[in-house]
Amino acid sequence: RWLSSFSIGANGYYYFGTINNTSRVIYPSQSNFFNTAQHYQTQVKSFTGSFGIQNTFTIDSVGIGKDTIKTSPTYGLKKRRDLKQNIEISWGYTYSMNNDLRAYYSNFAYTFLYKGNGINEYIRDTINFVEDQRTNITLPTMHGLGISIRKGNKLNIVADYQMQLWSGFKYENEKAQFA
């Protein structure tokens, strides 16, 4: 009977987008130092997913002791009293694996001087150029647990707990340092 309200589900996700980072080191009062710029781009295109289970139990009566009348046909059996309103107890669990998202990065770093009015850059030398290199972004494992207790239509108590293990997060094959 408990399997009649048992559910299994899954979610699918598609992550996509571009992360652009630009950094510059500029020496405004030094003419013999080269300014440096770096353009770093990561493109994410990847599927991932999670799953969960859920079950509900219904309490429609409570035990009130044993039948103690010797002449009763139910002598010695537990007596039950029907509840005016059923009590439903539901619980659920979700799990999201540590997913490796497929990503590609490009990096262009160079030295430059400002030309003319100090707005236009004059590239002096390329320091690094990498294009469309495969990498991963690892999302950490996530666990979720929830419980609900409902009595009729007037009372509903719900509690949810979710934990994600961020120590497992990796951005481009390097563990992130969280302070």
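The values are calculated or read from the model by the stated rules, or taken from the named source; none is laboratory data. What you are looking at is a predicted structure, and each value in this text was computed from that prediction instead of being measured. Note that each Cβ is placed from the backbone with ideal geometry, even for glycine, and that neighbours are counted across all protein chains shown. Accessible surface is based on the protein model in full, side chains and every heavy atom, while ligands, DNA and RNA are left aside. Shrake-Rupley method; radii C 1.70, N 1.55, O 1.52, S 1.80 Å.
At an R0 of 41 angstrom, the distance between the Cβ atoms of residue 6 and residue 68 translates into a FRET efficiency of 0.60. Extending 7 Å from the Cα toward the beta-carbon at both residue 133 and residue 145 defines two label points whose distance is 4.2 nm.
Other residues lying with their Cβ under 13 Å from the Cβ of residue 61 contribute a combined charge of +3, Lys and Arg counting +1, Asp and Glu -1.
Between residue 84 and residue 41, the contour length at 0.36 nm per residue exceeds the alpha carbon distance by 9.2 nm. Temperature 25 °C, viscosity 0.890 mPa s: under these conditions the Stokes-Einstein estimate for the chain, based on its Kirkwood radius over C-alpha pairs, is 108 µm² per second. Once the piece of chain linking residue 97 and residue 111 is laid out straight, how much longer is it, given 0.36 nm per residue of separation minus the C-alpha distance between them? The span from residue 97 to residue 111 would gain 0.8 nm if fully extended. When the C-alpha to C-alpha distance is required to be over 19 Å, the pairs from 78/154; 45/170; 84/151 that qualify are 78/154. Before anything else, pin down the relative contact order of the range 36-173: Cα pairs under 8 Å, at least 6 apart, normalised by residue count, whole percent. In percent, rounded to a whole number, it is 25. Mind listing which chymotrypsin sites (Phe, Trp or Tyr not before Pro) in the range 77-120 are in a DSSP loop and have 13 or fewer other Cβ atoms within 10 Å? Nothing satisfies the criteria.
With all protein chains kept in place, the per residue accessible area of the chain amounts to 75 square angstrom at a probe of 1.4 angstrom. Under a model in which nothing but the beta-carbon of Lys, Arg (+1) and Asp, Glu (-1) is charged, the chain shows a dipole of about 1300 debye around its Cα centre. In the chain, carbon and sulfur make up what percent of the accessible area (probe 1.4 Å)? That share works out to 53 percent.
Relative contact order of the range 1-58, taken over Cα pairs closer than 8 Å and 6 or more residues apart, is 52 percent.
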